[in-house]
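Input: a single structure, listed below in structure tokens.
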Amino acid sequence: MILSNLKLGVEVVGAHNLLPKDGQGSSSSFVELYFDGQRFRTTIKEKDLSPVWNETFYFNISDPSNLHMLVLDAYVYNNIRATQSRSFLGKITINGTSFVPYSDSVVLHYPLEKRSIFSRVRGELGLKVYIIDDPSIKSSIPISAANDSQVHSHSAQTPAPKIPRSEVRHTFHHLPNPNHPQQQQQAPPPAAVHHQGTRYMTEDMKVPTEPQPPPQLVRMHSATMAQPVDYALKETSPFLGGGRVVGGRVIRTDRMSGCTYDLVEKMHFLFVRVVKARELPAMDVTGSVDPYVEVRIGNYKGITKHIEKNQNPSWNVVFAFSRERMQASVLEVVVKDKDLLKDDFVGLCRFDLNEVPMRVPPDSPLAPEWYRLADKKGEKIKGELMLAVWIGTQADEAFPDAWHSDAALSVDTAASTLIRSKVYHAPRLWYVRVNVVEAQDLIPTEKTRFPDAYVKVQIGNQVLKTKPVQARTFNPLWNEDLLFVAAEPFEDNLVLTVEDRVAPGKDEIIGRVIIPLSMVEKRADDKMIHSRWFNLEKPVAIDIDQLKKEKFSSRLHLRVCLDGGYHVLDESTHYSSDLRPTAKQLWRPPIGVLELGVLNAVGLHPMKTRDGKGTSDTYCVAKYGHKWVRTRTIVDNLCPKYNEQYTWEVFDPATVLTVGVFDNSHLGDKGSNGTKDLKVGKVRIRISTLETGRVYTHSYPLLVLHPTGVKKMGELHLAIRFTCTSFANMLYKYSCPLLPKMHYVRPFTVMQLDMLRHQAVNIVAMRLGRAEPPLRKEVVEYMSDVDSHLWSMRRSKANFFRLMSIFTGLFAVGKWFGDICMWKNSITTVLVHVLFLMLVSFPELILPTVFLYMFLIGVWNYRYRPRYPPHMNTKLSQAESVHPDELDEEFDTFPTSRSPELVRMRYDRLRSVAGRIQTVVGDVATQGERFQSLLSWRDPRATALFVTFCLIAALVLYVTPFQVIAALIGIYMMRHPRFRHRLPSVPINFFRRLPARTDSML
């Protein structure tokens, strides 16, 4: 038998905030580890609720093939010296599937769990668990039965695992508590050399690396659908502009009274504004000069465009140089003359960086000044340059439009406009309702036959047709409603063409009407639309280049209006960021302000190859309501720092903020004009799941589904804060309909909504694609989830399991009732019989008891409320167990390209039908999850309202006779239609606003 050298290493780092058990407000704690029949125990830390051990144990792994079936149990006990016993403080269980190699291991803080329902625990235990295959490491000596009564340590004193020379690299591990005095003196982990603020070098590699940020606390959040640690959300405590974030609150570290950019790390930049020059000396034989300005500091330089034959040029360009990358103390602003062979030197200005003033908004912008040019020796020459030089932060007004050294290091001036940060406003969308009533006195080409007429209506690229009318008359009647999407400002006309179907595949134009959309009536309710008769104009071809219009007496009867009472859906209904109607007269005041700080991204996956190495040129896009924002593009960096902050007004808490990361593929590379910006990943955050006033600082994994499976593309670090400006208005929103009134008074069909949404996304993509820099179509479609309605076996299975998880509570109740009937627990069965007899004898106590019970459950669950925004869950999305063939089907084109024509037709039909079933199953699951969220505090305000209602209902039902309540409910349910409203009731509106687990779906 060959024994394996594979071992499981467990480093017990420390615990935090343990429960006192010695009666004196403290505990003497130790940890016992159990794995594969082996048991180890740490030393006892006397009188310490946050003990630190830093002890390592090594378990033998007898059968590596069975490792995924094993578990590691860690029990924390309090030692009672007087009685030589111990009391339970908590436990954790780690499955073998989460064990990783040593090179990938980090210290994780696991929340302690209860051993039974009567246990009282609190706090966290920090462990570092890894698999190591090193023959030099000896296993620890396990605790035997003979010495089990003695509490002692078998901490391994073996050397640290040896890392092969090829794998030596700088790994910065997460530490449990960097503020603890004992942990600050802790030695660095193996393979890590930690000197903050300097460059690092190992003896084997001799390659300098960039300094890394200090280690931060990592907590594992417990959830019902646990997923791998690498895909989980991580809470951080970064230093932001307002101070350090601890527990969702900003702890100010300076005396600043306020800061505009308090949700991002403060970054200092050297700003140089080059305004203009005058009286420049002539450099050419023609007596002119083609000047441009080169601003340089150290190895960084920025260049303005050159202006031909102008001795008094004007540029008005701002350059921003990252202060942390500066390697020089002198700034040089050089004026040069553009030439074919070699550019000529004109003059320069030098600035000592120690004398550059600091500007902090809201100070007024620094006024530019005239500076005399000097030659290379420093002597004054002819010509002056108007400049302004100052040191500021990203809060400066010049920051968005500036040329950035950290973003444009390898980008030419022509492409610099493609990397700037930008704020976009999506166009205001309207539904255009065209009711084609009838036509009068149509004149077909053949006078001997009645026309087979229909009307084709077109707005831009949108074309719809009425049904052909085969009637023995020249006055056909249609009375059909056609719906379109239009955007302000209205650039396209409404074109209606009456056509006659002469033969199959052959149509002739009878007449045409062109109506400018700016002249169409607008309405905000369902009032009657005034109809009008329009004369048809018949185009007659004269030649190729000209059409002559001939007037005649045929007319077309229409009702046309711009419907402003609807909200134009241009994104997935599950992730809507705006629910307001189009007409501004119907808008209500905002209920709060949403602030987003895009801090940085780490560990990004290379999206391209440049100079023989993998790299990425990434930028972030955030979408909420009509406002889209785009950060600057950080070129050639897999760990970019953005540190940009944006603000939105919030009109409804049942909305979702979407943040996406993209790779810029249009920076001058060969062939970039035909490429698309690549998707790195995105994050969705529902506003109603955020507590008011709390700062959420989390690192979100960027999870993307590829044809080969789910893949982590990196992590995005965000800071989010939702501030409520009107608490009463926010609570009132929970009683209002989710969509505007017109959606319920005159609803659309599902087919109409799908078609209109597709058109709306195309219009938004076209308008944003015309901005500078453009927000391209692939970005808009990815942010709007345009493909969410397509068939996917993976999504269908995920929705099915979501539906099944809703009924697990009912199954548990049935099993519990079956146990009661089988007298498996006599005491519980007797108590249930007593309670049943009491409720039968006093039926008026049934409803108060139910509401009081739900009130108590809601109060009890408050301590377990989620403390972090929901994120995409790979297990919930069935992304981990998906079959490769199902992924091939999901990423297949539509129509399919995998089969012959007959199979293609059947396959596409199946996918279309299955997509509808998938949506229905998901909607049913959403309703059930909303029931679960009533008492789960996922939406803290909604749960608080419901818990308060339960308490009030319990008190009212307690003092009100049951017969009266039953009679009132029955009369209300059977009330006359005259007393009913077409709008949903308050309970239904409240229920539809509750969050579901769609926010965690990939």
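The values are calculated or read from the model by the stated rules, or taken from the named source; none is laboratory data. Because the structure is predicted, anything quoted here is derived from the model rather than measured. When we count neighbours, we look across all protein chains shown, and the Cβ atoms used for this are built from the backbone with ideal geometry, even at glycine. In case anyone asks, the SASA skips ligands and DNA or RNA and just uses the protein heavy atoms, side chains included. Shrake-Rupley method; radii C 1.70, N 1.55, O 1.52, S 1.80 Å.
Is the range 414-428 home to any residue that is touching a residue at least 40 places away in the same chain (Cβ under 8 Å), assigned to a strand (DSSP E or B), of a type in the set (A, V, I, L, M) and within 19 Å of SER554 (Cα to Cα)? Quick ask: steps written out before the conclusion?
Just the residues of the range 414-428 that are touching a residue at least 40 places away in the same chain (Cβ under 8 Å), to begin with: 414-415, 417-428.
Going one step further and asking which of them are assigned to a strand (DSSP E or B), we end up with 422-425.
From the residues that got through so far, the ones that are of a type in the set (A, V, I, L, M) too are 423.
Now narrow it down to the ones that are within 19 Å of SER554 (Cα to Cα): none.
No; the residues of the range 414-428 include none that is touching a residue at least 40 places away in the same chain (Cβ under 8 Å), assigned to a strand (DSSP E or B), of a type in the set (A, V, I, L, M) and within 19 Å of SER554 (Cα to Cα).
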| request: Pairs only if they're at least six apart or on different chains, beta carbon under 9 angstrom, first in the range 977-990 and at positive phi, second at pLDDT 80 or above; list them, first residue then second. | output: none
| message | I want to confirm something. Restricting to the range 632-651 and keeping residues that are under 21 Å from GLY242 (Cα atoms) and in contact with an Asp or Glu (Cβ under 6 Å, 6 or more places away or on another chain), which single residue is modelled with the highest pLDDT? | response | THR647
| request: Filter the range 435-453 for residues that are of a type in the set (S, T, N, Q) and over 14 Å from LEU536 (Cα atoms) and give the result. | output: ASN435, THR445, THR448
| task | Considering only the range 75-98, state which residues are charged (D, E, K, R), surrounded by 14 or more Cβ atoms within 10 Å (Cβ to Cβ) and either out of contact with any Phe, Trp or Tyr (no Cβ under 8 Å at 6 or more places or on another chain) or farther than 21 Å from PHE35 by Cα (or both). | result | none
| field | Residue satisfying all of: in the range 587-631; of a type in the set (D, E, K, R) and not in a strand (DSSP E or B); modelled with the lowest pLDDT among these | value | ASP611
| Scanning the range 35-71 for residues that are free of Cβ contacts under 8 Å to residues at least 60 places away in the same chain and basic (Lys, Arg), which turns out surrounded by the most Cβ atoms within 10 Å (Cβ to Cβ)? | LYS45
| Quick one: what pairs do we get from the range 349-360, first residue closer than 26 Å to TYR292 by Cα, second loosely packed, with under 11 Cβ neighbours inside 10 Å and among the small types (Gly, Ala, Ser), C-beta under 9 Å, 6+ apart or different chains? | ARG350/GLY378
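Can you pull out the helices (runs of 4 or more DSSP H) entirely within the range 771-862 that have at least 2 residues that are at negative phi, open to solvent by less than 80 Å² (accessible area, probe 1.4 Å) and modelled with pLDDT under 85?
Values: elements: 777-784, 793-806, 808-821, 826-841, 846-861.
In the range 771-862, 793-806, 808-821, 826-841 are the helices (runs of 4 or more DSSP H) which contain 2 or more residues that are at negative phi, open to solvent by less than 80 Å² (accessible area, probe 1.4 Å) and modelled with pLDDT under 85.
Among what's in the range 279-295 and is open to solvent by 50 Å² or more (accessible area, probe 1.4 Å) and under 13 Å from LYS336 (Cα atoms), pick the residue that is modelled with the lowest pLDDT.
Checked the range 279-295; the qualifying residue modelled with the lowest pLDDT is MET283.
Output the residues belonging to the range 887-900 that are surrounded by fewer than 17 Cβ atoms within 10 Å (Cβ to Cβ) and either assigned to a loop (DSSP other than H, G, I, E, B) or touching a helix residue (DSSP H, G or I) at 6+ places or on another chain (Cβ under 7 Å) (or both). Break it down stepwise before answering.
Filtering the range 887-900 down to residues surrounded by fewer than 17 Cβ atoms within 10 Å (Cβ to Cβ) leaves 888, 891, 893-900.
Hits for the range 887-900 are PHE891, THR893, PHE894, PRO895, THR896, SER897, ARG898, SER899, PRO900.
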| note | For the range 918-931 the number of residues that are open to solvent by 30 Å² or more (accessible area, probe 1.4 Å) and touching a helix residue (DSSP H, G or I) at 6+ places or on another chain (Cβ under 7 Å) is 3
| request: Determine whether ILE763 is in contact (Cβ under 8 Å) with a residue 60 or more places away in the chain and either touching a His at 6+ places or on another chain (Cβ under 8 Å) or open to solvent by less than 40 Å² (accessible area, probe 1.4 Å) (or both). | output: yes
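Specify the residue that is nearest to ARG686 (Cα to Cα); the eligible residues are those in the range 941-968 that are hydroxyl-bearing (Ser, Thr, Tyr) and open to solvent by less than 70 Å² (accessible area, probe 1.4 Å). Reasoning before the result, please.
First, the residues of the range 941-968 that are hydroxyl-bearing (Ser, Thr, Tyr): 943, 948, 958, 960.
Checking which are open to solvent by less than 70 Å² (accessible area, probe 1.4 Å) leaves us with 943, 960.
Values: THR943: 15, THR960: 39 Å.
Selected residue: THR943.
State yes or no: is GLU649 touching a residue at least 40 places away in the same chain (Cβ under 8 Å), assigned to a strand (DSSP E or B) and surrounded by fewer than 20 Cβ atoms within 10 Å (Cβ to Cβ)? Reasoning before the result, please.
Values: touching a residue at least 40 places away in the same chain (Cβ under 8 Å): yes; assigned to a strand (DSSP E or B): yes; surrounded by fewer than 20 Cβ atoms within 10 Å (Cβ to Cβ): yes.
Yes; evaluated as a whole, the condition is true for this residue.
This table checks each residue for (1) of a type outside the set (Phe, Trp, Tyr); (2) crowded, with 23+ Cβ neighbours inside 10 Å; (3) closer than 24 Å to MET1001 by Cα.
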| position | (1), (2), (3) |
| --- | --- |
| VAL598 | yes, yes, yes |
| ASP611 | yes, no, no |
| THR615 | yes, no, no |
| ILE634 | yes, yes, no |
| TYR642 | no, yes, no |
| SER665 | yes, no, no |
| GLY693 | yes, no, no |
| TYR700 | no, yes, yes |
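In the range 5-34, which residue that is of a type in the set (Ser, Thr, Tyr) and open to solvent by less than 50 Å² (accessible area, probe 1.4 Å) is farthest from the chain's Cα centre (by Cα)? Steps first, answer last, please.
Taking the range 5-34 and keeping what is of a type in the set (Ser, Thr, Tyr), we get 26-29, 34.
In the following step, the residues that additionally are open to solvent by less than 50 Å² (accessible area, probe 1.4 Å) were identified as 26-29.
Working: SER26: 42, SER27: 42, SER28: 44, SER29: 41 Å.
Taking the candidates together, the pick is SER28.
When you go through GLU265, GLU308 one by one, which is the residue that is more than 20 Å from TRP370 (Cβ to Cβ), open to solvent by 40 Å² or more (accessible area, probe 1.4 Å), in a loop (DSSP other than H, G, I, E, B) and in contact with a Phe, Trp or Tyr (Cβ under 7 Å, 6 or more places away or on another chain)? Let's see the steps before the verdict.
Working: GLU308 fails: in contact with a Phe, Trp or Tyr (Cβ under 7 Å, 6 or more places away or on another chain).
It is GLU265.
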| message | Given the condition in a strand (DSSP E or B), surrounded by fewer than 17 Cβ atoms within 10 Å (Cβ to Cβ) and of a type in the set (A, V, I, L, M, F, W, C), answer yes or no: does some residue in the range 352-371 qualify? | response | yes
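Closer than 24 Å to ARG746 by Cβ and either small (Gly, Ala, Ser) or at pLDDT 95 or above (or both): is that true of ALA408 in this structure?
Values: closer than 24 Å to ARG746 by Cβ: no; either small (Gly, Ala, Ser) or at pLDDT 95 or above (or both): yes.
Against the criterion (closer than 24 Å to ARG746 by Cβ and either small (Gly, Ala, Ser) or at pLDDT 95 or above (or both)), ALA408 does not qualify.
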| task | Scan the range 691-717 and report the pairs whose first residue is modelled with pLDDT under 90 and whose second residue is outside any strand (DSSP E or B) and surrounded by fewer than 16 Cβ atoms within 10 Å (Cβ to Cβ), with Cβ atoms within less than 7 Å and a gap of 6+ or a chain change. | result | PRO707/ASP888; PRO707/PHE891; VAL710/GLU880
| query | Can you find even one residue in the range 864-871 that is open to solvent by 40 Å² or more (accessible area, probe 1.4 Å), at pLDDT 80 or above, in a helix (DSSP H, G or I) and under 30 Å from ARG721 (Cα atoms)? | reply | yes
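Please find, within the range 429-463, the residue that is farthest from the chain's Cα centre (by Cα) out of those that are open to solvent by 50 Å² or more (accessible area, probe 1.4 Å) and modelled with pLDDT of 85 or more.
As a first pass, look at the range 429-463 and keep what is open to solvent by 50 Å² or more (accessible area, probe 1.4 Å): 438, 440-441, 443, 445-450, 456, 458, 461, 463.
Filter once more, keeping what is modelled with pLDDT of 85 or more: 438, 440, 456, 458, 461, 463.
Numbers: GLU438: 49, GLN440: 55, LYS456: 41, GLN458: 36, ASN461: 31, VAL463: 35 Å.
Here the answer is GLN440.
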| remark: Within the range 320-342, the count of residues that are open to solvent by less than 10 Å² (accessible area, probe 1.4 Å), touching a residue at least 60 places away in the same chain (Cβ under 8 Å) and out of contact with any His (no Cβ under 6 Å at 6 or more places or on another chain) comes to 4
| note | Of the residues in the range 114-131, those that are surrounded by fewer than 14 Cβ atoms within 10 Å (Cβ to Cβ) and within 22 Å of SER26 (Cβ to Cβ) number 3
| query | Mind checking which pairs have a first residue in the range 273-302 that is among the acidic types (Asp, Glu) and a second that is crowded, with 23+ Cβ neighbours inside 10 Å, Cβ under 7 Å, 6 or more apart or different chains? | reply | none
